[in-house]
1. Give me a count of the residues in region 128-141 that are within 6 Å of the ligand (Cβ to nearest atom) and assigned to a helix (DSSP H, G or I).
2. Condition first: part of a loop (DSSP other than H, G, I, E, B) and basic (Lys, Arg). Now tell me which residues in region 78-94 satisfy that.
3. Got a number for residues in region 142-173 being more than 8 Å from the ligand (Cβ to nearest atom), surrounded by 17 or more Cβ atoms within 10 Å (Cβ to Cβ) and outside any helix (DSSP H, G or I)?
Amino acid sequence: MVLTRLLLPILTATVLLFETGYPHTGIVNTGIVAPNTPTTQVTVVRQTATPTPAPSVQPSAIPTPDGELLYAAGKATYLKQYCGICHALAAASTTGVFGPSHDRMGMVAAQRIEEAGYDGEAQDAAAYIRESIVSPEVYAAPGTANVRHRMPSYAHLAEAELDALVYFLLEQK
Ligand code: HEC
């Protein structure tokens with residue numbers, strides 16, 4: 001009798017420990033229940049296999065997925081806004097003649113800010129392209145001062161559309 005009274009609690013405790021701590025459930029119940037407090041549950045976060053790192057590529061050789069998306073969005077905006085009615089751009093298959101060609105806009109933009117007559121705010125090519133789209137009155141590209149169809153402002157476009165347009169034109173080199 002004495003032995004049973006001594007062994008039973010030990011046995012019960014062992015069984016409880018085994019059941020509640022069974023690892024396959026992912027949840028370990030400590031089994032400790034303090035008065036008036038909920039059962040403490042410890043979630044075991046399983047370790048997942050570490051993915052093999054992708055082979056490194058030259059960033060300049062292959063455009064990043066983000067860049068590709070932005071480029072596509074820029075081209076879509078360019079077409080949607082009919083920029084090509086006035087501008088020629090092979091990458092968008094447009095042939096407009098009222099404004100300058102956009103075929104090498106990324107390079108041209110960098111040159112524009114160096115031109116003697118340039119008095120805009122842009123410090124780099126991207127800023128020049130953005131300024132040309134939002135505030136075309138700031139600077140007229142050489143030879144375009146007297147064109148019949150002036151460039152309208154596209155300041156009403158969403159910030160994301162402007163970002164995409166600028167990226168798209170900057171990539172024309
Ligand atoms: C109605 C004709 C017209 C439309 C439409 C038009 N542009 Fe222009 N764009 C011009 C003219 C004219 C110029 C040259 C005068 C100037 O620099 O503002 C010009 C200049 C530019 C320049 C500077 C070019 C350079 O060589 O410095 C950029 C960049 C430009 N446009 C982008 C756009 C974009 C992007 C759109 C569409 C969202 C657009 N344009 C729609 C007529 C147009």
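1. Counting residues in region 128-141 that are within 6 Å of the ligand (Cβ to nearest atom) and assigned to a helix (DSSP H, G or I) gives 4.
2. From region 78-94, those part of a loop (DSSP other than H, G, I, E, B) are 81-82, 86-87, 93; that's our starting set.
If the condition is that a residue be part of a loop (DSSP other than H, G, I, E, B) and basic (Lys, Arg), then no residue fits.
3. Number of matching residues: 1.
Each value in this text was obtained by applying a stated rule to the coordinates, not by laboratory testing. Please read these numbers as outputs of a predicted model, since none were measured by experiment. All Cβ positions, glycine included, derive from the backbone under ideal geometry; neighbour counts span all protein chains shown.
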